[in-house]
């Protein structure tokens, strides 16, 4: 406890078991890189085992290749598609739909979530309607959106945006409503101007909930893009799957599934990384173990 | 002139749909600059409410509060307030939390003040630590630093040590006396711990009842530091307990 000697001896501080010593706080987070690598390796174990088992199953003849092609067959097929540039076109089309749908949905959700969170009146006017709309199964919008926006991009992006909207809207509103009144009072005691009160007190407290909303919103975005592409598209991973089904190429279906899993996981990891950076102050079990 | 003047203050609350309830009635009080005054009382007698009115967080239903001759309408930088809980913003380091109190000063003037006050409360090495990394006593020290960094003339404390273990509590009490001794501010604190009140204060105001009224006003001239088992100490403690009719 070397730091105690730096303080006046008549003023012993009483650090609890988790209290940081200045040394521990100042030191760079050594070993973080290695821990991350270990985490990633552990996470890859199960997929790797599945791929091996899958390859063995197909080669041993337990599964028929026209139903379950081997991992190498899937890889070869996707590699060929990638080399001609066709895969990239599908990938880009899907990625753009999710991106715009997510941005539109998250933007609207942030606006309305903030509004209904901060204003009682806005909440009384808007929230019942949003809750009712939330109860409509999102795929039930498809016929209407096609009627309104046609079968091209607009209807697809709208559908994705609708899916993305609700979890973000709800999480942000609840996050704002559950802001600790006692901390807001601290802002009042020190005469914080309104803008600073919002930016320094209200907003940071809602971030954990908001990020949770963003992540489930994004997951729904990836879910809905498939629905959107299955309802009619000439490009996109969903279309590619449909094409694989029509032309009897299960390796394309499986390859697209794997791509979905990979890109979904990657985009979620980006959000998770952003959340970790923004929420470093949290004293949670997850943060301790990250 | 008294530093703090409370004249005819009463406070009533109207719960939604209920009859309005009187929490404080006709409180008159004057506090001279420089001393330590404690407000003791049973729970529900409105002592915290009185402190919140003095801090400008609540408005009195009748009467007025003046600090240095100026009527209190909103929190002022001349009055520091420490709550029962540290109330540090968890997303700000200790330094940033203290900085909140200095938000209207230029950045260059903030840091020397912050460093000085953190040094004074014994957290000089903990400026860049998150609040969740502090123990309860350290967190309350940080809260005291945040309240003192503006050098207020009046420091209000609302049961500041009630959540701490008795060892930490006594350390912080002694430390607070030290800060008061060096700082030249007036201190008014609310407590339900009569021993704490007798150990720290120059003057004890006893509140009782619902609505709360002043039922006792004691000057204490015992020299500091005060042994807590001396005859006059115990006699005073008994007298106040008697006024609260706890025995």
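Since every read-out is calculated from the coordinates, none of them should be taken as a lab result. Worth saying up front: this structure is predicted, and the values here are computed from it rather than measured. All Cβ positions, even for glycine, are placed from backbone atoms using ideal geometry, and neighbour counts span all protein chains on display.
Highest GNM mean-square fluctuation, chain B, Cα pairs closer than 10 Å: which of B:60, B:86, B:112?
Its mean-square fluctuation being the largest, the pick is B:112.
Report the per residue volume, in Å³, of the convex hull enclosing the C-alpha atoms of chain A. List each step's numbers first, then the result.
Values: hull volume 56.8 nm³, N = 290.
Output value, Cα hull per residue: 196 Å³.
Listing A:118, A:210 from the residue with the fewest other Cβ atoms within 10 Å to the one with the most, what is the order?
Working: A:118 15, A:210 25.
In order of increasing Cβ crowding within 10 Å: A:118, A:210.
Could you please state, rounded to a whole Å, how far the C-alpha centre of the stretch A:232-250 is from the C-alpha centre of the stretch B:41-95?
If we compute the Cα centre of each part, the gap is 67 Å.
Hey, could you get me the Stokes-Einstein D for the stretch A:26-112, Kirkwood radius over alpha-carbon pairs, 37 °C and 0.692 mPa s, rounded to whole µm² s⁻¹? Walk me through the numbers before you get to the answer.
Numbers: Rh = 17.3 Å.
In µm²/s, the coefficient is 189.
So how far apart, in nm, are the two label points at residue A:36 and residue B:13 if each is 7 Å from Cα heading toward Cβ?
Reported label-point gap for residue A:36 and residue B:13 is 5.0 nm.
I need A:70, A:234 ordered by Cβ neighbour count within 10 Å, fewest first.
With the sparsest Cβ surroundings first, the list reads A:234, A:70.
Within a 10 angstrom radius of the beta carbon, how do B:245, B:146 rank from fewest other beta carbons to most? All intermediate terms of the calculation are to be shown ahead of the outcome.
Details: B:245 9, B:146 30.
Ordered from fewest to most neighbouring Cβ atoms within 10 Å, B:245, B:146 come out as B:245, B:146.
Label the stretch B:54-118 by shape, choosing from rounded, prolate and oblate, from the square roots a ≥ b ≥ c of the eigenvalues of the Cα gyration tensor; if a/c is under 1.5 it is rounded, and otherwise prolate applies when a/b is larger than b/c, oblate when it is not.
prolate
Take every residue in peptide B:79-92, count the Cβ atoms of other chains within 10 Å of its Cβ, and give the average of those counts.
The shielding value for this peptide is 4.
Inside 10 Å of the C-beta atoms of B:138-150, what's the mean count of C-beta atoms belonging to other chains? Mind showing how you got there, number by number?
Numbers: counts 5, 2, 0, 3, 0, 1, 0, 0, 3, 2, 0, 1, 1.
Other-chain Cβ atoms within 10 Å of each residue's Cβ, averaged: 1.
Return a whole-number percent for the relative contact order of the stretch A:189-283, with Cα pairs under 8 Å and 6 or more residues apart as the contact set.
28 percent
Using Cα atoms only, what is the angle between the long axis of helix A:250-278 and the major principal axis of chain A, expressed in degrees (0 to 90) to the nearest 10?
10 degrees
DSSP beta bridges in the protein assembly as shown, what fraction antiparallel, as a percent rounded to 5?
Roughly 50 percent of the beta bridges in the protein assembly as shown run antiparallel, per DSSP.
Reported to two decimal places, what Rg/Rh ratio describes the protein assembly as shown when computed on Cα atoms with Rh from the Kirkwood expression?
1.13
Any chance you could give the angle, 0 to 90 degrees and rounded to 10, that helix A:71-83 forms with the longest Cα principal axis of chain A?
Tilt relative to chain A: about 90 degrees.
Could you tell me what % of all Cα pairs in chain B have separations over 29 Å?
30 percent
Going by alpha carbons, how many degrees (0 to 90, nearest 10) lie between the helix axis of B:231-243 and the longest principal axis of chain B?
In chain B, helix B:231-243 runs at an angle near 60 degrees to the longest axis.
Using Cα pairs under 8 angstrom and six or more residues apart, how large is the relative contact order of the stretch B:1-81, in percent?
Worked out over the stretch B:1-81, it gives 36 percent.
Starting at 0 and stepping by 10 Å, how many percent of the alpha carbon pairs of the stretch A:102-197 end up in each bin?
16, 35, 28, 13, 7, 1
Give me the percent of DSSP beta bridges within chain B that run antiparallel, rounded to the nearest 5.
Taking every DSSP beta bridge with both residues in chain B, the antiparallel ones total about 50 percent.
Semi-axes of the equivalent ellipsoid of the stretch B:76-207: what are they in whole Å, largest first, if each equals the square root of 5 times a C-alpha gyration tensor eigenvalue?
On the way: eigenvalues 116, 57, 30 Å².
Largest first, the stretch B:76-207 gives 24, 17, 12 Å.
Can you say what percent of the DSSP beta bridges in the stretch B:123-247, counting only those with both residues inside, are antiparallel? Round to 5. Write out the running numbers ahead of the final one.
Working: 6 of 11 bridges.
Among the beta bridges of the stretch B:123-247, antiparallel pairing accounts for roughly 55 percent.
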